[in-house]
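Taking it in order: structure first as C-alpha cells, then the write-up.
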Amino acid sequence: MKPILPGSAIGVLGSGQLGRMFAIAARRMGYRVHTLSPDEDTPTGQVADLEVNAPYEDLDAIAKFASAVSVVTFEFENVPADTVAAAERCAPVRPAGHILHTTQHRLREKTFLQSAGLPITPFRRVASLDVLAKAASEIGLPAILKTADFGYDGKGQHRITTPVDFRAAWETVSHAESVLEAFVDFDREISVVAARSAEGAFIHYGAIENQHRNGILHISLAPARVPDSITRAAVDITRTVLETLDVVGVLCVEFFVTKDGRLLINELAPRPHNSGHFTFDASVTSQFEQQLRAVCGLPLGSPAQLSPAAMINLLGDQWAQGEPNWAAATAIPNVKLHLYGKLAPRPGRKMGHLTALAPTVEQALADATRSFQAL
C-alpha cells in the first residue's frame with residue numbers, strides 16, 4: 001500500500017469524541033482532517049479542518065466528501081452500508097465496509113465469531129415472542145435480550161430472569177430482530193485494543209480492566225489486574241479476530257473473564273475504544289495515532305505503556321448540580337482532564353474523562369477516584 005503522507009486530508013465519518021482525539025493526533029502529525037455527520041459544532045468538528053453537515057443517507061454528499069480526501073475512516077461503526085459503499089467508490093475506506101457490516105449487527109458478529117471457532121456466550125436469533133420463549137428454553141435463564149442493530153452503552157437490552165419477563169423484553173427491543181444471549185456470571189470484564197496494518201503488522205495495548213455502571217463504561221484500568229496467562233490468551237484471540245476480518249486500522253475486543261478463568265468475547269468495536277483512552281496520555285503511541293498510521297499505510301508506532309493508568313468517564317450526570325469543580329479535580333497533579341466540547345450535558349452522555357498516571361494501577365485508581373469525587 002502506497003503511504004498517505006502528512007499534508008493529505010483524512011476523512012472521518014462521525015463527529016464525536018473518538019473523532020476529536022483522532023483529529024488531534026492527525027493534526028499533530030501534519031494531516032488535515034475532514035469530518036461528516038448530521039450535526040454541527042461537534043467534538044470532531046471543533047478541531048477538524050473542515051466540518052461537513054449532511055445526513056449519512058445523502059449519498060451525493062458522501063461521494064463529494066470522500067472525493068476530497070485521500071482515505072476515509074470511522075469514529076463509530078453504525079454507518080449505513082450504502083454510505084460506506086458510496087464512500088468506497090471515491091476513496092479507500094479503512095477499515096473496509098465488510099468489517100463494519102459484520103460488527104454493527106450483533107447477529108452477524110456472533111455468527112462470524114462462532115464460525116471462526118472463537119469463544120462466545122451461547123446465543124439464539126430472536127424474531128418473535130414465540131421464538132424468544134423457545135430460545136430461552138434452549139439456552140436457559142437468566143439471559144439477556146439485545147437488539148441486533150445499533151446497540152451501545154447498554155441501550156436496547158433487557159435482562160430476562162423468568163418467563164414473566166418475555167413480553168417486557170420484547171417490548172424493550174421494539175419487536176425488532178434480536179439476539180438472546182446466555183447470562184454470564186463473570187469475574188470481571190476486560191478489553192484488548194489492537195491495531196493492524198495493511199501488511200499484517202499487529203500491535204496491542206495489553207489487557208484493560210473495565211467496570212461499568214448502568215451499561216456504560218465507568219472505569220478502565222491498565223494494565224488489567226488479571227494473570228499473565230489471561231492477558232496472553234486475550235491478545236491471541238484479538239489477533240485472530242483482526243487477521244480473520246483482515247482489519248486495517250484499530251479494533252477492540254471486549255471480553256468476559258469467567259470465574260473459572262475462561263474468556264468469552266462480548267463484542268467487537270472496529271475503531272478506537274473508550275477503554276483505550278488512557279493511551280492518549282500513557283502510551284508512546286496512542287490508539288488514535290495508531291489508527292491514523294494504519295489507515296495511511298505508515299509503520300505502526302510503539303504501543304509501550306509509560307505508566308500504569310486509570311481512566312474514569314465523565315457523564316452528563318456530573319452537571320446535575322451545575323458546572324463541575326474543575327479546579328478541585330485538577331488539583332491532583334498526575335490527573336489529566338479531557339473534555340469533548342459537547343454543548344449540552346445529558347444524563348448518560350459521555351462529556352469527558354479523567355486519566356491518572358501513577359507507579360501502580362492501584363495508586364492511579366485512587367488518584368482518579370479522588371479527582372472524580374472532587375468534581
- Scan of region 192-219 for residues that are over 14 Å from the mean Cα position of the chain (by Cα) and among the small types (Gly, Ala, Ser), ordered by number: SER197, ALA198, GLY200, ALA201, GLY206, ALA207
- Query: Restricting region 48-70 to residues that are without any contact (Cβ under 8 Å) to a residue 60 or more places away in the chain and among the β-branched types (Val, Ile, Thr), which is farthest from GLY16 (Cα to Cα)?
  - Reply: ILE62
- For region 117-136, the count of residues that are exposed (fewer than 15 other Cβ atoms within 10 Å of the Cβ) and either of a type in the set (Ser, Thr, Tyr) or not assigned by TED's automatic domain parsing to the domain that holds PHE166 (or both) equals 2
- Message: So, in region 193-217, exactly how many residues are polar (S, T, N, Q) and in contact with a His (Cβ under 6 Å, 6 or more places away or on another chain)?
- Response: 1
- Query: Is there any pair with a first residue in region 172-201 that is surrounded by fewer than 21 Cβ atoms within 10 Å (Cβ to Cβ) and a second that is part of a loop (DSSP other than H, G, I, E, B) and of a type in the set (Asp, Glu) whose Cβ atoms are under 6 Å apart and which are 6 or more apart or on different chains, and what are they?
  - Reply: none
- Scan region 169-202 residue by residue and report those that are under 17 Å from LYS110 (Cβ atoms), part of a strand (DSSP E or B) and in contact with a Leu (Cβ under 7 Å, 6 or more places away or on another chain). SER178, VAL179, LEU180
- Task: Among residues belonging to region 66-125 that are assigned to a loop (DSSP other than H, G, I, E, B) and among the basic types (Lys, Arg), point out the one that is nearest to GLU177 (Cα to Cα).
- Result: ARG94
- Item | Residues satisfying the stated conditions in region 251-277, i.e. part of a loop (DSSP other than H, G, I, E, B) and acidic (Asp, Glu) | ASP260
- Item | Any hit, region 243-250, residues being assigned to a strand (DSSP E or B) and in contact with a strand residue (DSSP E or B) (Cβ under 6 Å, 6 or more places away or on another chain) | yes
- Within region 234-275, can you find the residues that are hydroxyl-bearing (Ser, Thr, Tyr) and either surrounded by fewer than 22 Cβ atoms within 10 Å (Cβ to Cβ) or within 21 Å of THR111 (Cβ to Cβ) (or both)? THR238, THR240, THR244, THR258
- Name the residues in region 286-323 that are within 30 Å of ASN214 (Cβ to Cβ) and assigned to a loop (DSSP other than H, G, I, E, B), would you? SER286, SER307, PRO308, ALA320, GLN321, GLY322, GLU323
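Here's the yes/no breakdown for (1) closer than 30 Å to LEU145 by Cβ; (2) modelled with pLDDT under 95; (3) surrounded by 19 or more Cβ atoms within 10 Å (Cβ to Cβ):
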residue: ARG20; (1), (2), (3): no, no, yes
residue: THR44; (1), (2), (3): no, no, yes
residue: ILE62; (1), (2), (3): no, no, yes
residue: ALA68; (1), (2), (3): no, no, no
residue: ALA86; (1), (2), (3): no, no, yes
residue: PRO95; (1), (2), (3): yes, no, yes
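The values are calculated or read from the model by the stated rules, or taken from the named source; none is laboratory data. In this text, all values refer to a predicted model and were calculated from it rather than measured experimentally. Every residue, glycine as well, gets a Cβ built from its backbone with ideal geometry; the counts of neighbours run over all protein chains shown.
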